[in-house]
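Structure first, commentary second.
The values are calculated or read from the model by the stated rules, or taken from the named source; none is laboratory data. All of these numbers come straight from a predicted model, not from anything done at the bench. Heads up, the Cβs are rebuilt from the backbone with ideal geometry, glycines too, and the neighbour counts pull from every protein chain shown. When the accessible area is computed, the model is the full protein with side chains, heavy atoms only, and any ligands, DNA or RNA have been set aside. Shrake-Rupley method; radii C 1.70, N 1.55, O 1.52, S 1.80 Å.
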Amino acid sequence: TTPWRFVLLDDAARRARVLDAMAQAWRDDLRKDGLAESVVARRVARGDLLRRAPAVVVPCLVDDGRHSYPDARRSAAESVMFWLAVGAGVQNLMVTLAAEGVGSAWVSSTLFCPDVVGAELGLPAGWQPAGAVAVGHPAVAPQPRKPADLDAVLLVR
């Protein structure tokens, strides 16, 4: 199965409406948490990356091919498996973009307000936004990263 779809926010006005609605939902949630306005502003500003990017892609989870199980254990496993597949789909998109010299950054923001994003984008029933990917050419060449510390991420048995 391919339980993901991608939505390219190609229309600038729609993109602005979606990002504005997401920012407002995030502000509302953070204010309900009792955070100071300066903290709210700083956290909402992280989403400005999506406003500055030349393109934004919203990956979505879809239930196409999902199996139904009569018990909660297998139903939960099926759900996790589909979310993992969406992550793999997004990573494949980002690796493909990188191979073409295009930068990208996956931001989780749509996960916090899926109903707002779905309504603003007019998504088909069952499409669940799974973050947003900012896409564009880097302003400066990326600096080489130091190699990952395998001991921190790998357990050998």
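A few notes on this one:
- Carbon and sulfur %, accessible surface of region 21-157 computed with the full protein complex present, 1.4 Å: 59
- Cα gyration tensor shape for region 1-96, rounded if a/c is under 1.5, else prolate or oblate: oblate
- Accessible area (Å², per residue) of the chain, counting only protein heavy atoms and a probe of 1.4 Å: 65
- Put a plus charge on the Cβ of each Lys and Arg, a minus charge on the Cβ of each Asp and Glu, and nothing anywhere else: the dipole of the chain about its Cα centre is then about 320 debye.
- Per-residue Karplus couplings for region 80-90, computed as 6.51 cos²θ - 1.76 cosθ + 1.60 with θ equal to phi - 60°, are listed in order as 4, 4, 5, 5, 4, 5, 4, x, 5, x, 5 Hz, Gly and Pro entered as x.
- When region 36-157 is reduced to its Cα atoms, the Kirkwood hydrodynamic radius in Å: 17.2
- Taken as Cα centroids, region 63-94 and region 11-60 sit 27 Å apart, rounded to the nearest whole angstrom.
- Of the peptides 73-82, 29-38, the order by per-residue mean of other Cβ atoms within 10 Å, starting with the highest, comes out as 73-82, 29-38.
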